[in-house]
Ligand code: NAD
C-alpha cells in the first residue's frame, strides 16, 4: 500500500546505526525516502551501512556523524542534511539505578540525548519543512513516556518530556501540512535492552529466559517483543496521507503494556 510514496522526501533519523532507528530508516527507505543515518561514531561500518542500505532500496543514503548529547552537533546534523522532510528523533540511552544512587552525569546525558536533542533538531528542521511545504516529526518516546518503572528516573522523565514536546510541536504547526507525533514502543529486543539483561539476571537471580519472560515481558501482555520493523511500519504510516490529521498524539506499539 505504501510502495515508494515517499520518493523525493529526505528523512533524518537520529541514532540510526542500530536497533529501532535503523529499522525505521529501512522502512522509510523501502517507501522511497532518501535517508540520513546518524550516530556519534564515525566508523567505516557506519558508512558501509549507508552504502548497503542505498543499494538495497535504490535511494540516496548518507551517514552523518553527530553527537546528540551536544546541542551544536544536533543543529549541525540537520544543517548538513540540507533537507529534512521527515525528522525521526530516535537517539536514546538508558541507565538504571535508585534515585539516591543515580549518577548525575548519567542523568544529564539521558536528558540531553533522549530529550534536549529533539528540541535542537526540531528547531532547525521546522523552517526547512515550512519552506518545502510538508513535514513529519516523529519522536520515539516509550511506554515509559506514559507510565513509570522504578530505577529509571532520568529515562522516564525524558520520555514524558518528549511526549510534552510532541504536543507543543503539534500545536505550533497545527495549521500547516506538518504533523508531530510520538511512537511509544514497549520492549523491543535491541542493544539497549540486551544490555539490561545481565544486570536484571544478577538483580533477580534468574537466567536469561526467565528475565525475558518474567521481568521484561511480564509488563507486555502479548508476551512478545515488539519488532523494529513494526516501529518502521508505524513511522511510514505516520508519513502517509491517512495520517494527515493525526498530530500531537502518542501511538503505543507495546503489546498492551499501557492498557494494564
Ligand atoms: P539502541 O541502543 O539499539 O539504539 C540507540 C541508538 O542511539 C544507536 O544507534 C546509538 O548509536 C544512538 N546513540 C546513542 N547515543 C547517541 C549520541 N550521543 N548521539 C547520537 N546517537 C546516539 O536502542 P534502541 O532500542 O534502538 O533505542 C532507540 C530508541 O527507542 C531510544 O530512544 C529508546 O529509548 C527507544 N525505545 C526503545 C525500546 C526498546 O525496548 N528497545 C522501548 C521503548 C523506547
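The values are calculated or read from the model by the stated rules, or taken from the named source; none is laboratory data. Being a predicted model, the structure only gives us computed values, none of them experimental. Methodologically, a virtual Cβ is constructed for each residue, glycine included, from the backbone with ideal geometry; neighbour enumeration extends over all protein chains shown.
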- [ ] Count, please, the residues in segment 1-21 that happen to be away from the ligand (no atom under 11 Å from the Cβ), part of a loop (DSSP other than H, G, I, E, B) and modelled with pLDDT of 95 or more.
- [x] 5
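Looking only at segment 153-179, count how many residues are within 16 Å of the ligand (Cβ to nearest atom) and under 17 Å from the mean Cα position of the chain (by Cα). Let's see the steps before the verdict.
Residues of segment 153-179 within 16 Å of the ligand (Cβ to nearest atom): 153-166.
Those still in the list that are under 17 Å from the mean Cα position of the chain (by Cα) too: 154-166.
The qualifying residues number 13.
Let's see how each residue does on (1) within 17 Å of residue 239 (Cβ to Cβ); (2) surrounded by 22 or more Cβ atoms within 10 Å (Cβ to Cβ); (3) within 14 Å of the ligand (Cβ to nearest atom):
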| site | (1), (2), (3) |
| --- | --- |
| 23 | yes, yes, yes |
| 29 | yes, yes, no |
| 48 | no, no, no |
| 51 | no, no, no |
| 55 | no, no, no |
TODO: Working only within segment 117-157, note down all residues that are touching a residue at least 60 places away in the same chain (Cβ under 8 Å), assigned to a loop (DSSP other than H, G, I, E, B) and surrounded by 19 or more Cβ atoms within 10 Å (Cβ to Cβ).
DONE: 141
TODO: Could you please find all residues in segment 214-228 being more than 13 Å from residue 255 (Cβ to Cβ) and out of contact with any helix residue (DSSP H, G or I) (no Cβ under 6 Å at 6 or more places or on another chain)?
DONE: 214
Open item on the list: Taking the conditions exactly as written (in contact (Cβ under 8 Å) with a residue 40 or more places away in the chain, within 27 Å of residue 106 (Cα to Cα) and surrounded by fewer than 18 Cβ atoms within 10 Å (Cβ to Cβ)), does residue 176 satisfy them or not?
Closed with: no
